[in-house]
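In what follows, a structure is listed as structure tokens, so that the remarks can point back to it.
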Amino acid sequence: MKKFICAALALAMAFSMAACSSSETTETTTTEEKTYKIATDTTFAPFEFTDASGNFVGIDVDILAAVAEDQGFKYDLQPLGFDASLTATQSGEVDGMIAGMSITEARKETYDFSTPYYDSGVVVAVKGDSAIADLEGLKGATVAVKTGTEGATYAESIKDAYELTLNYYDDSAFMYEAVKTGDAAACVEDYPVMGYGISQGNGLKMVGDMVQGSSYGFAVLKGNNAELLSMFNAGLENIIANGKYQEILDTYISRG
């Protein structure tokens, strides 16, 4: 009888220990959460850059943070540089990238893109106290452009219609300075870049509307990380609806 009771107690204790072990294992499994690795550029203001305090900030950085908070996922942002981000995403070293990346047909062969989160383009800017209010006011004027950019291409396309003289510069800073010193009446620049410059006090203001250019998207390797892409799209839709998206843009871009 004693042997029977001892055996029963031993069996009960074994079941108890097994149950505890199973419970602990289940708890560990369910509480474990994936952290996505997201690559980005190192410097592409106002989308990603280091501010005066040494913080890595920008439109892309803030949008990703807001989307992740909305959807409840964790991520590790890795500023690798644009080309390195492309390579890391393609090789599977990271789960996705957000880096002011234009959505193109060629890139769609390698990457799956989110809904566009920013529609970029070019804009004309003049000195902050200029009376010029539109393209008609620039007729016959000298316009500064940066070599090899969408802005230069746009200026060349309207050159004859507005009788413009185009002066080419290799750097945006020189282009802006030409406008401020009167060597040019206006310049043509990427809208977000100009908007950020104005917000930082570059002395210029935009005139007219933005001319539509490329759209930016969050990207993952084609056929991979569909869940992450779906969460990004859902989160983006939500932050646009609740006003957070516009708040982020207003933080970095100003029309002057």
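The values are calculated or read from the model by the stated rules, or taken from the named source; none is laboratory data. The structure presented is a predicted model; accordingly, all values stated were derived computationally and were not measured. Using ideal geometry, Cβ is built from the backbone for each residue, glycine included, and neighbour counts are taken over all protein chains shown. Areas reflect the complete protein model, heavy atoms only, side chains present, ligands, DNA and RNA absent. Shrake-Rupley method; radii C 1.70, N 1.55, O 1.52, S 1.80 Å.
Looking at E150, E136, E156, which is the one that is closer than 21 Å to M194 by Cβ, at pLDDT below 90 and of a type in the set (D, E)?
Details: E136 fails: at pLDDT below 90; E156 fails: at pLDDT below 90.
When all the criteria are applied, what remains is E150.
Looking only at the stretch 163-179, which residues are in contact with a helix residue (DSSP H, G or I) (Cβ under 6 Å, 6 or more places away or on another chain) and within 14 Å of A141 (Cβ to Cβ)? Before you say what the answer is, go through the steps one by one.
Keep residues of the stretch 163-179 that are in contact with a helix residue (DSSP H, G or I) (Cβ under 6 Å, 6 or more places away or on another chain), which gives 166, 169.
Passing the criteria: only L166.
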Select from the stretch 159-194 the residues that are closer than 17 Å to V122 by Cα and of a type in the set (V, I, T) and write down the one among them that is modelled with the lowest pLDDT. V193
Any chance the stretch 194-202 includes a residue that's without any contact (Cβ under 8 Å) to a residue 40 or more places away in the chain and open to solvent by 30 Å² or more (accessible area, probe 1.4 Å)? yes
From the set of residues in the stretch 230-256 that are open to solvent by 20 Å² or more (accessible area, probe 1.4 Å) and of a type in the set (G, A, S), which is farthest from I63 (Cα to Cα)? G256
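Here's the yes/no breakdown for (1) open to solvent by 40 Å² or more (accessible area, probe 1.4 Å); (2) assigned to a helix (DSSP H, G or I):
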{"position": "A131", "(1), (2)": "yes, no"}
{"position": "E156", "(1), (2)": "yes, yes"}
{"position": "D160", "(1), (2)": "yes, no"}
{"position": "E189", "(1), (2)": "no, no"}
{"position": "G208", "(1), (2)": "no, no"}
{"position": "V211", "(1), (2)": "yes, no"}
{"position": "N224", "(1), (2)": "yes, no"}
{"position": "E227", "(1), (2)": "yes, yes"}
Enumeration of residues in the stretch 39-77 that are more than 12 Å from the chain's Cα centre (by Cα) and farther than 20 Å from E227 by Cα: T50, D51, A52, S53, G54, N55, F56
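What's the total number of residues in the stretch 133-154 that are open to solvent by less than 10 Å² (accessible area, probe 1.4 Å) and part of a strand (DSSP E or B)?
Residues of the stretch 133-154 that are open to solvent by less than 10 Å² (accessible area, probe 1.4 Å), as a first pass: 138, 143-145, 151-152.
From what is left, the residues that are part of a strand (DSSP E or B) are 143-145.
Looking only at that region, the number is 3.
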Could you check A65 against (1) modelled with pLDDT of 95 or more; (2) more than 30 Å from Y117 (Cβ to Cβ) and say which number it fails? (2)
With the first residue restricted to the stretch 43-62 and required to be surrounded by fewer than 17 Cβ atoms within 10 Å (Cβ to Cβ), and the second required to be assigned to a loop (DSSP other than H, G, I, E, B), Cβ contacts under 8 Å at 6 or more apart or on different chains are T50/T43
Those residues of the stretch 100-129 that are in contact with an Asp or Glu (Cβ under 9 Å, 6 or more places away or on another chain) and either open to solvent by 70 Å² or more (accessible area, probe 1.4 Å) or at pLDDT 95 or above (or both) come to a total of 6
All-but-one check, N167 against (1) open to solvent by less than 40 Å² (accessible area, probe 1.4 Å); (2) more than 30 Å from G96 (Cα to Cα); (3) part of a strand (DSSP E or B), failing number (1)
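Could we say that A185 is under 12 Å from K146 (Cβ atoms), free of Cβ contacts under 8 Å to residues at least 60 places away in the same chain and hydrophobic (A, V, I, L, M, F, W, C) here? Spell out how you get there, then give the answer.
Working: under 12 Å from K146 (Cβ atoms): no; free of Cβ contacts under 8 Å to residues at least 60 places away in the same chain: yes; hydrophobic (A, V, I, L, M, F, W, C): yes.
No, not satisfied.
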The condition of being over 30 Å from L64 (Cβ atoms), in contact (Cβ under 8 Å) with a residue 24 or more places away in the chain and under 32 Å from the mean Cα position of the chain (by Cα) holds, among D134, D129, D119, D171, only for D134
